[in-house]
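In what follows, a single structure is set out as structure tokens and then discussed.
The values are calculated or read from the model by the stated rules, or taken from the named source; none is laboratory data. This one's a predicted model, so the numbers in the text were calculated from it and none came from an experiment. A quick note on method: Cβ atoms are made from the backbone with ideal geometry, for glycine too, and the neighbour counts reach across all protein chains shown. When the accessible area is computed, the model is the full protein with side chains, heavy atoms only, and any ligands, DNA or RNA have been set aside. Shrake-Rupley method; radii C 1.70, N 1.55, O 1.52, S 1.80 Å.
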Amino acid sequence: MTPGGLLGIAGIGLTAGILGAFKAPRLWLAATLTGAAAAFAAAVWALATGPVWDWQPGFVIGGEALHLRLDGLSAFFLLLLSVLGGAGTLYAAEYWADRDHPVSAPSARAWWNGLLLSMGGVLLCANGLHFLIGWEIFTVCAYFLITTERQRPAARAAGWLYLAASHVAMVCLFAFFALLAARTGGWELGPMGDRPGLAPLFWLALVGFGLKAGLFPLHIWLPSAHANAPSHVSAILSGMAIKLGIYGLVRFTGWLPVPDSAGWVVALLGVVSAVLGVAFALGQHDLKRLLAYHSVENIGIILIGLGFAMIAAAQGQAAWGRLALAGALLHIWNHGLFKALLFLGAGSVVHATGTREMSRLGGLWRALPWTASLFALAATAIAGLPPLNGFVSEWLVYLGLFDAVSAHGTAAYAAIPAAVALGLTGALALACFVKVCGVVFLGLPRTPISRHVHECGWRMRLPMLGLGAACVAIGLAPVLFWPALVSAADAWQPGWVDDASSTPLATLGSFHLALAGLVILAAVLLWRRVKQNGIRRAGTWDCGYAAPAPRMQYTAGSFAGIITGWFDWILRPVRHAHLPKDNFPARADFAEHTPETVLERVIEPAGSLVQRLSLAVRRLQDGRVQAYILYLLLGLAALAILAVMGGPR
Amino acid sequence: MIAVLELFLRLAAWLLLAPLLPGIINRVKSWVAGRRGPPVLQLYYDLARLWRKGIVLSTAVSPAHIAGPALAWVALVGAALLLPVGQAGATLSFRGDALLFVYLLAFARFCLALAALDTGSAFAGMGVAREVSYAVLAEAAIITALLTLCVQSNSVSLVTMLAPSAGAGAALLAAGLFGVLLAENCRVPFDDPNTHLELTMIHEAMVLDHSGPPLAAILHGAALKLLLFAVLLTEAVLPLGKLSLLPALAALAGSVLLVAVIAGLVESLMARLAFRRVPLLLTTAFVLCVFALLVAWKGGMP
Amino acid sequence: MSGAMNLLIGLAMGFSLVALASSRLPSVIRAAAFQGMILGVLPLLLEAKFHWLVVAVAIGTITVKGFVIPSLLRRALRAANIDREVEPLLGFVPSLLLGAAATVGAAALATVLPLRPEHARSLLVPGAFATVVCGFILLIARTKAISQVCGYLMLENGIYLFGLLLINSTPLLVEAGILLDLTVAVFVIGIIVDRIQREFDTLDTRKLNSLRE
């Protein structure tokens, strides 16, 4: 079967799903899963066999002939989309079932399919106009999914913020594509590396796609949108939707010429996003908000890789550039997989307990053993620890940076701080996920809500198991996935990334395999030894404290306190404290909240300034004819002065 | 066959020699204080005793409480296999193993931290929070140290990175790595391994609720980590690559011993720092590594 | 010769960072004094042949910077009877990182500048820049008058390093003049410290704000 046929099946399946979403949930499930499976097969076909699938049927939409293309890069993203889409579909069937959400569930299913279809469309379009149309539909579908729980004000606010930010991005993209079309004479997209005049357009693309990707100063919409959407939506937003921003950047930096400073700027934005993203994550108490900030961090890691690949491309340094590029590409997959798993796990926690507030949870491993262990797996992966997939991609980026340093070129001046920042990011992410796993799943329940909870059913568990298996597979056998990276990288810079022999990925994989085996063996052996020696059960010793209570455990805030203290200058946490006084203090409390600093300290003041200015200007319009005549006269006078001043040229 | 034999010999050497270092440090401390002190082999006795002992499990704990120490121990052993021993090379060496080494140590930290939080003890939370926070600064320093070695040797493989001497910046690098060694292994002035005040503990607060064989795994892992850092420090600074096999091994052993003695002296002569001063000292270690990098970079310029 | 000199300059740069990271006034004073003494030795290494004037200036510098000024400062400290903690406007860790960044930046700057070949591999220029910047950081980021004086001292040390570049063309008398200025300045500040202490019961220079009217 050709990819065209498979993609056709995928399109038909997803469309049929929209029709079945309202009346026939089972049909919706079957059709959507079939569609995802077909898309998966098409993507694998394209990645494995190589030739670009190009389809120009001669239909005209909006005055432009339809043109679909599936090359290595599109297929690379399409594969991730189909995996996450399929996982989210199955998950949603239980998580957002008609039984619990009779009003919102059908429409959520329909918008879900719309989202998958439009994202797939964006990946396939080879025409700028259709790209924009697909992009806009995708934005709107995502808006309706974020506001699934419209009755909650927080969800509505998050939706509005998302919509506003997306439309700022849309304006930039519209300008980008329109200027591109004006300069090239057509909306058709393709490699245009031989037209250096197009380079300045890169900045428009960077803002437009960067807003969608959520890189640091442009991430303002991301935390609230991801936190307030249903978890399967958060998973696809974080795993795939923000990756479309990355897709845009990778696509158009590959096709168009870029300014000389582009790579440096992208790398700098990557470093800033990585370090500050994780710093903000540490300050959060809301489980899903915290995960959302980790998306900013991981986008940063991807951009570090991409930025250095761009620098290398500009300097003709394929030797280390391809490692950075391969790391960035692999991290796109990896982040999609483990972040989706984390959000699905968080969804399972929210489903069971009804709260996202970490400090109200605790000891959930007993009630949710599957969720807890899969969440821990994904946490290990996102912290970039061997032997899982997160380490493999970070390691490739590191190799690129270290090789850039040992090449002693100008790139080394950027690679040294970037490598240190990557190390910092890794250690901070580790601290953050120790906090999450420890506070949510380990210890004792902090409040009664986490005592009477139940594990999710198989339809929620199966997608999580699948994603976890994918994380393990990429970690243990990274070399199997190298051909996919090669064909994606070929679309960016042909012939740059060659066979896997340039990296010792096979050796790393076998080390990981051995490590994983030994780790399990050692755990089993130690457990047997412990059982053989005899186990006594007792309360937690805690240095002999007589009456330990669950509320004495470290909370999310106290755990992260040391590190958030270092980042006070940017986090600007709001603290309310009534400290204990005298010898017998009556009552003391402490609350801390980390706001979205960029939004609340920069964007909102700027917005209210604009509003005040506009109000002032509005006074000009007071409805008196005399005033309007005065304005006319003043305007004429100003024109006259301009004419006189500019006259004698 | 020979390869397997060699692997076992190396493993045995790493695992058997590791508990010696804390014994030496304790011996130095008691010598400075004018006491007789515990035997050098005390940790071996302790480990053997713990391995035979029963275990008291908190009612709160999950399987992670037992699995954590096992995972951490395996990760540390894996790191030991990556580290070259003088001229004898490493068991496994490939491009980029230096980063794997660092991240294996991080993995061990992650597992121990989760195993500690498992008990729901307030002190464990305190210890873990401190451990993972200070490790952030130590990580920056150690990545900078690796960058220094990379600049000198134009390689990302530990075997070639550690072969030449650190050149003019050796003293700076040695001081920086020594600071990281003390911090990562929870020694004075960052932490006091013998403290009896829970509020001031870092590492010890994490393992308060462990007992029996898992505690043995943690203690042995900690000793192994100390040995790893001592060997890394020595090889980064000394030009062992210029010596032949046996003299290099002898020099390595002697210098590791020297590192242990210096750590013991530091522990005897210094008081532990107040917690708010710890980041400053770790930043100093980082800055020292940065200057070592600067010197190496200048030296590498044509 | 240049190896030993670079070592000494490197040590001096280290002492500027020590001063930035110190939390107690006596250790800031000590760091500045050590730095001055190390720099005082430099002319001896720089001059190829023995010259009594150079020796005299070196001894003079070491005495003034290493003993006279620090002892004056310590006396002021004792006389004012203040708390010995440095009160930083900017924390110690950020100050230290800034100082380190300044040092790295100075090294980078020195490679860009068109220096004479005999100075290209020497640490004189980067050392001078780094010391000046660290002196400025100390001046800006600390509140107490004593640490301000130490900042001035480090600033002067940096200028002195620049002066060493020109040791063949300008007489050491210029340096002697600067040193004299500085000694006078330290005296004046000593008196001011005393007055501030009597007036406000503290050495916090932020309190001087209230004198603006």
Checklist entry - How would you rank A:168-179, B:214-225, A:328-339, highest first, on the average number of other Cβ atoms within 10 Å across their residues? => result A:328-339, B:214-225, A:168-179
Checklist entry - Name the residues of region A:516-538 whose accessible area falls by at least 50 Å² when all protein chains are present instead of the chain alone, probe 1.4 Å? => result A:Val519, A:Leu526, A:Arg529, A:Val530, A:Asn533, A:Arg536, A:Arg537, A:Ala538
Checklist entry - Per residue of B:287-298, what is the mean number of Cβ atoms on other protein chains within 10 angstrom of that residue's Cβ? => result 5
Checklist outcome for this item: Per-residue average of other protein chain Cβ atoms inside 10 Å, peptide A:399-412 -> 4
Checklist outcome for this item: FRET efficiency for C:Thr143 and A:Ser614 from the Cβ-Cβ distance with R0 = 35 Å, rounded to 0.05, comes out at 0.20
Checklist entry - Using 7 Å Cα-to-Cβ label points, what is the A:Val350/A:Ala24 separation (nm, one decimal)? => result 3.1
Checklist entry - Does anything in region A:249-283 have its amide N under 12 Å from the 7 Å Cα→Cβ label point of A:Ala199, and if so which residues? => result A:257-263
Item to check | Per-residue HN-Hα couplings for region B:273-286 [Karplus 6.51, -1.76, 1.60; θ = phi - 60°; Hz; x = Gly/Pro] | outcome: 7, 5, 4, 6, 8, 4, x, 5, 5, 5, 4, 4, 4, 4
Checklist entry - Arranged from highest to lowest average of other beta-carbon atoms within 10 Å per residue, in what order do the peptides B:76-86, B:134-144 appear? => result B:134-144, B:76-86
Checklist entry - In cubic angstrom, how much convex hull volume per residue do the alpha carbon atoms of region A:597-646 span? => result 82
Next on the checklist: Using a Cα-Cα cut-off of under 18 Å, which aspartates and glutamates could be cross-linked to A:Lys243, ignoring same-chain neighbours fewer than 8 residues away?
Outcome noted: A:Asp71, A:Glu136, A:Glu297, A:Glu394
Checklist entry - To the nearest 10 Å², what's A:Trp203's accessible area with a 1.4 Å probe? => result 90
Checklist entry - In what sequence, largest accessible area first, do A:Ser107, A:Ser74 appear using a 1.4 Å probe? => result A:Ser107, A:Ser74
Item to check | Inter-chain Cβ neighbour average for residues A:549-559, partner chain, 10 Å | outcome: 4
Checklist entry - So who's got an amide H within less than 5 Å of the one on A:Gln284, skipping anything under 5 residues away but keeping other chains? H placed 1.01 Å off N, in plane. => result none
Item to check | Karplus-derived HN-Hα couplings along region A:422-438 (A = 6.51, B = -1.76, C = 1.60, θ = phi - 60°), whole Hz, x at Gly and Pro | outcome: 5, x, 4, 4, x, 5, 5, 5, 4, 4, 5, 7, 4, 4, 4, 4, x
Next on the checklist: Quick check for you: with a 1.4 Å probe and neighbouring chains kept, what is the accessible area per residue of the protein assembly as shown, in Å²?
Outcome noted: 39
Item to check | Amide H within-cut-off set for B:Leu57, under 5 Å, with H built and near neighbours excluded | outcome: A:Arg536, A:Arg537, A:Ala538
Checklist entry - If you find the alpha carbon centre of region C:34-97 and of region B:6-52, how far apart are they in angstrom? => result 46
Checklist entry - Given a Förster distance of 56 angstrom, what is the FRET efficiency for A:Asp498 paired with A:Ile629, based on the Cβ-Cβ distance and rounded to 0.05? => result 0.15
Checklist entry - Under a straight-distance cross-link criterion of Cα-Cα below 21 Å, which lysines are reachable from A:Lys435, leaving out those fewer than 8 residues away in the same chain? => result A:Lys288, A:Lys339
Checklist outcome for this item: For A:Lys531 the rounded accessible area (nearest 10 Å², probe 1.4 Å, non-protein molecules ignored) is 130
Item to check | Positive-pole candidate from B:Gly169, B:Gly212, B:Leu149, dipole of chain B, charges at beta carbon | outcome: B:Gly169
Checklist entry - Using alpha-carbon positions, what is the distance between the centroids of region B:53-104 and region A:152-203, in Å? => result 48
Checklist entry - Just by accessible area at a 1.4 angstrom probe, what is the order of A:Phe22, B:Phe178 from largest to smallest? => result A:Phe22, B:Phe178
Checklist entry - Can you give the accessible area of A:Val103, probe radius 1.4 Å, in Å² rounded to 10? => result 130
Next on the checklist: To the nearest 20 Debye, how big is the dipole of the protein assembly as shown about its Cα centre, given +1 on the beta carbon of each Lys and Arg and -1 on that of each Asp and Glu?
Outcome noted: 1980
Next on the checklist: Using a Cα-Cα cut-off of under 17 Å, which lysines could be cross-linked to B:Lys53, ignoring same-chain neighbours fewer than 8 residues away?
Outcome noted: A:Lys531
Next on the checklist: Can you bin every Cα-Cα distance in chain B into 10 Å intervals starting at zero and give me the percent of pairs per bin, rounded to whole numbers?
Outcome noted: 6, 27, 37, 23, 6, 1, 0
Checklist entry - Once fully extended, how much extra length lies between A:Glu604 and A:Ala638, figured as 0.36 nm per residue of separation less the alpha-carbon to alpha-carbon distance? => result 8.8 nm
Checklist entry - Which translational diffusion coefficient, to the nearest whole µm²/s, is obtained for the protein assembly as shown from the Stokes-Einstein equation, given a Kirkwood hydrodynamic radius over C-alpha pairs, 20 °C and 1.002 mPa s? => result 66
Item to check | Residue-by-residue Karplus 3J(HN,Hα) for region C:65-72, coefficients 6.51, -1.76, 1.60, Hz, glycine and proline x | outcome: 6, x, 10, 5, 4, x, 5, 4
Checklist entry - What is the list of residues in region A:308-351 whose amide nitrogen lies under 20 Å from a point 7 angstrom out from the Cα of A:Leu465, following Cα to Cβ? => result A:337-349
Checklist outcome for this item: Residues meeting the amide H criterion for C:Arg142 (H placed from the backbone, H to H distance under 5 Å, 5 or more places apart or on another chain) are C:Leu89
Next on the checklist: On a 1.4 Å probe surface of the protein chains, which of A:His226, C:His51, B:His196 comes out largest in accessible area, and what is the full order?
Outcome noted: B:His196, C:His51, A:His226
Checklist outcome for this item: Once both label points are put 7 Å beyond Cα along the C-beta direction, the B:Trp51-A:Ile520 separation in nm becomes 2.5
